[in-house]
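The next block holds one structure in the form of structure tokens; read it before the comments.
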Amino acid sequence: MRDFQQSGMKMLEGFIKKESSSGLLLIIVTVLALALKNSPFSELYESFLHTPVEIRFGALHIDKTLYHWVNDGLMAVFFLLIGLEVKREMLEGQLSSLSQIALPGFAAAGGMLFPALIYVAFNHADPVALKGWAIPTATDIAFALGILSLLGKRVPLSLKIFLMALAIIDDLGAIVIIALLYTADLSLFSIAFATVTLAILIFFNWMGVARKAAYVIVGVVLWVSVLKSGVHATLAGVALAFTIPLNATRDDGSLFSPAKEIEHDLHYWVAFFILPLFAFVNAGVALSGMSLDMMTGPVPLGIMLGLFVGKQMGVFGFSWLAIRLGYAKLPKGSDWMKLYGVSVLTGIGFTMSLFIDSLAFEDDRIFGYADKLAILLGSFLSGIVGYLIIRMSKPRKVR
């Protein structure tokens, strides 16, 4: 039992280190995208985004730009990783019991509710703008942990685990929102085909199929069918994740975890290739035509205040309520100031906020990129202020 706990902690610490490194890389890539978009190389950057990539296999034809391949294709792999993390945490990790899930669960609920209410308060009269109500509700775990990594031992591991669990629940909420709200015209044939494919994956799991290749091959078919159905293709990654067995037996009788092995294999690709590439193709915002009037419009204000004000109000307020009511306890070695600082950091919505923004407003020109810039500014402000609050808090020894 002790060896199992130690291996679990090592895996958790490794996860945090990888996410932290990825967060710092995302900052560099974001700055690069902004620099290219606002330089003489702007046309080259745009032509890169709109590079046509076509796949044809018999009657199957998928023709998309590089931008859409990243958002619809590579992000499905990102959501596969999220699904695997959620499954592992729910079955044997930080979300496996009510006592463990209480604090991040309450915090995540408040962190999704308050930003949405603030955004809706600014945009309730505009049906087009109202589609973006979910933009400020998510937390970018890579960026947030990247900021925490700069603070070293000042931040106890328990607080990092709290942030990680909160962000995972946030991502789960984002998945539900995407599934329910952001769908195009539906193809009943493709949905039926996707349902059959998903049933095959569930059958594999029920029969104890342990070969990872079998899940990956059928998973690709599931992704194509979901892509063609009108439901957003990234959801195929989540569905695939929940069918991959957590524990299985090899042909020689030895035990292993297909889900954990795939999660481990994907982490580096997601952290150091997929997310940075996503940031690069989505964070390029033209600043030349930007004005104060544009940035004080209802949509950018709703996003910025939702991220910077709404997230900290919801996360800290609901955490305080859960602790005061006796449903949860402060993370070990933490205090109210550090918890508040982490609550502010949850306003870093970057990756997920940009992703939901691309679904809500498919045409970047609707708000003149002010919506995307608002995400960057709200996230940047949350990161700076959250860092300073934790930095100024007194270090505490974990007893």
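The values are calculated or read from the model by the stated rules, or taken from the named source; none is laboratory data. All figures in this text were calculated on a predicted structure; none of them were measured in a lab. Don't worry about glycine lacking a Cβ; one is built from the backbone with ideal geometry, like all the others, and counts go over all protein chains shown.
For segment 191-211, check the following and say yes or no: at least one residue is in contact (Cβ under 8 Å) with a residue 24 or more places away in the chain, in contact with a His (Cβ under 8 Å, 6 or more places away or on another chain) and assigned to a loop (DSSP other than H, G, I, E, B).
no
Taking the residues in segment 53-74 that are within 15 Å of Ser225 (Cα to Cα) and of a type in the set (A, V, I, L, M) as candidates, determine which candidate is farthest from the chain's Cα centre (by Cα).
Of everything passing the filter in segment 53-74, Ala59 is farthest from the chain's Cα centre (by Cα).
Please enumerate the residues belonging to segment 95-141 that are crowded, with 20+ Cβ neighbours inside 10 Å and among the polar types (S, T, N, Q).
Within segment 95-141, Asn123, Thr137, Thr139 qualify.
Here is a check on your reading of the model: is Leu24 modelled with pLDDT under 80 and within 30 Å of Leu339 (Cα to Cα)?
Criteria met by Leu24.
List the pairs whose first member sits in segment 137-161 and is in a loop (DSSP other than H, G, I, E, B), whose second member is of a type in the set (Asp, Glu) and modelled with pLDDT under 80, and whose Cβ atoms are under 9 Å apart, counting only residues at least 6 apart or on separate chains?
Ala138/Asp171; Thr139/Asp171
Determine, yes or no, whether Pro245 is touching a strand residue (DSSP E or B) at 6+ places or on another chain (Cβ under 7 Å), farther than 30 Å from Lys338 by Cα, crowded, with 17+ Cβ neighbours inside 10 Å and touching a residue at least 12 places away in the same chain (Cβ under 8 Å).
No: the conditions fail for Pro245.
Among (1) in contact with a Leu (Cβ under 6 Å, 6 or more places away or on another chain); (2) among the hydrophobic types (A, V, I, L, M, F, W, C); (3) crowded, with 16+ Cβ neighbours inside 10 Å; (4) within 30 Å of Ile244 (Cα to Cα), which single condition is Ala179 missing?
So Ala179 meets the others, but not (3).
Only one of (1) more than 24 Å from the chain's Cα centre (by Cα); (2) touching a residue at least 60 places away in the same chain (Cβ under 8 Å) fails for Val224. Which number is that?
Tallying (1) more than 24 Å from the chain's Cα centre (by Cα); (2) touching a residue at least 60 places away in the same chain (Cβ under 8 Å), Val224 fails exactly one: (1).
Could you go through segment 268-286 and let me know if any residue there is closer than 23 Å to Leu198 by Cα, touching a helix residue (DSSP H, G or I) at 6+ places or on another chain (Cβ under 7 Å), at pLDDT below 90 and surrounded by fewer than 23 Cβ atoms within 10 Å (Cβ to Cβ).
Of segment 268-286, the ones closer than 23 Å to Leu198 by Cα are none.
No, segment 268-286 contains no residue that is closer than 23 Å to Leu198 by Cα, touching a helix residue (DSSP H, G or I) at 6+ places or on another chain (Cβ under 7 Å), at pLDDT below 90 and surrounded by fewer than 23 Cβ atoms within 10 Å (Cβ to Cβ).
Any residue in segment 51-62 that is touching a Leu at 6+ places or on another chain (Cβ under 8 Å), modelled with pLDDT of 75 or more and under 20 Å from Ala167 (Cα atoms)?
no
What number of residues within segment 197-223 are in contact with a strand residue (DSSP E or B) (Cβ under 7 Å, 6 or more places away or on another chain) and crowded, with 16+ Cβ neighbours inside 10 Å?
Of the residues in segment 197-223, 1 are in contact with a strand residue (DSSP E or B) (Cβ under 7 Å, 6 or more places away or on another chain) and crowded, with 16+ Cβ neighbours inside 10 Å.
Please tell me if Gly110 is assigned to a helix (DSSP H, G or I) and under 16 Å from the mean Cα position of the chain (by Cα).
On the way: assigned to a helix (DSSP H, G or I): yes; under 16 Å from the mean Cα position of the chain (by Cα): no.
So Gly110 fails the test.
Filtering segment 52-98 down to residues that are among the hydroxyl-bearing types (Ser, Thr, Tyr) and outside any helix (DSSP H, G or I), which residue is farthest from Ile262 (Cα to Cα)?
Thr65
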